[in-house]
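The values are calculated or read from the model by the stated rules, or taken from the named source; none is laboratory data. Only a predicted model underlies this, so the values are computations on that prediction, with no experimental measurement involved. So basically every Cβ, Gly included, is an ideal-geometry build from the backbone, and we count neighbours across all protein chains shown. Side chains are part of the model used for accessible areas, which takes the heavy atoms of the whole protein and leaves out ligands, DNA and RNA. Shrake-Rupley method; radii C 1.70, N 1.55, O 1.52, S 1.80 Å.
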Amino acid sequence: ISSMATPGNSADKPLAERSPFTTTSFQKKTRSKLISIPGTRPSVQNGQLLVSTGVTSLDYLLGGGLAVGTVLLIEEDQYDSYSHMIVKYFLAEGVVCQHELFMAAAQDDPDDILQELPHPILDDVVIHNPVEQPTLSCKCQDSLDSMKIAWRYQNLPKSTLASSSRFGHYYDVSKTMEPDIRQAAKCHRFFLPEHLTQSSPAQCLMLGSYSALLKSLQEVIHREGFDLANAMSKSRNILRIGLHSLGSALWGDDLSFHVNPRHRHALTTFLYGLRALLRSSLSVAVVTISSHLIQDRALMGSITRLCDNAIALESFKGSERETNPLCKDYHGLLHVHQVPHLNCLASYLPDHKDLAFKLKRKQFSIERISEFGCVFSLSSAFLLS
């Protein structure tokens, strides 16, 4: 045993002189610290950070929510009624969770869209409103304590929204969000007519609109610290991006009125750059496209594959199903075309395909219709899970 102890053995050296490479390889196993951001939670399938779309039944359908760094593609219904409403749900959820917003549109001013966000139905979030000055009473000590609390709330600003601990909320579409709540959220806007000059040629309009939009997104992500490379210097938050009616003629695109569009790769190039930008940032995007106007179905397939999630809304409005007694309780069908493949070998696949949606006053509900006519509510299953 003594022959094994040589002068160069690290066991004979003081602790301070030992080489760091001779330390034991047994280390205490610790869990990696997850990013803690209000309004987010990790996925139970792959550990990806999730945010709510604002529609609890849609969150359940997508495997628990929308993964940060991904793109949700919504193929618009014929009249763009319900797809536009889902975008409003998505942005309203960001206001409640105190996330930052980025809204881009070519026809409607983003400020007008933000003013139409639905009113949140909150039971776990305190909205402080000014109260009348209480009159002191000498009934008991409990009443005095409650009056002191009410007196403290009197000096708080009107409609101050506190952070919510719940993942996903419900909204009343018959009311709009209060201006004080909406203005508390930091919103970035992109209105296409403001970024293009009248002297821009028609050919440059198709390419310039998407280039200007992508450049604006890059500036916001880098300036506000959503880039993962620079996010350590600021408090971390989520950027919710809403892009309305891409691929339409309003964006200068010719996909909707040409079988062989001249700039058929303009939109796909933008989506490729958008997804690459989101992968390296704390951002998530919802994109709506008028797919029923795109005549090239192969191109529409490429657009779908460039997004992580893809759903399509088929409205009953203007069709024979609108007067069909079997469809009287619903407003349309919902089709799931693609789900993401993130941090896993096999992605989450919904076990149902026959889906219908209906818009109530206080809920956008997605339900499964069986062949026997019975209905299973996905929102109730989401709450049970």
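In table form, for the structure just shown:
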read-out	value
Full-stretch length increase - Asp254, Ser319 - with 0.36 nm per residue and alpha-carbon distance subtracted	20.7 nm
Arg166 versus Arg275: modelled label distance in nm, points set 7 Å from Cα along the beta carbon direction	3.5
Highest average packing first - 64-71, 209-216, Cβ atoms within 10 Å	64-71, 209-216
Arg361/Ser81 FRET efficiency (R0 22 Å; Cβ-Cβ; nearest 0.05)	0.90
Gap separating the Cα centres of the stretch 259-333 and the stretch 354-368, nearest whole Å	19
Segment Ala229-Gln183, length gained on full extension (0.36 nm per residue, minus Cα span)	13.7 nm
Sulfur and carbon atoms: percent of accessible area, the stretch 257-318 [1.4 Å]	54
Simple spin-label estimate for Arg236 and His222 in nanometres, 7 Å along Cα-Cβ	2.2
Separation of the Arg262 and Asp354 label points, Cα + 7 Å toward Cβ, nm	4.8
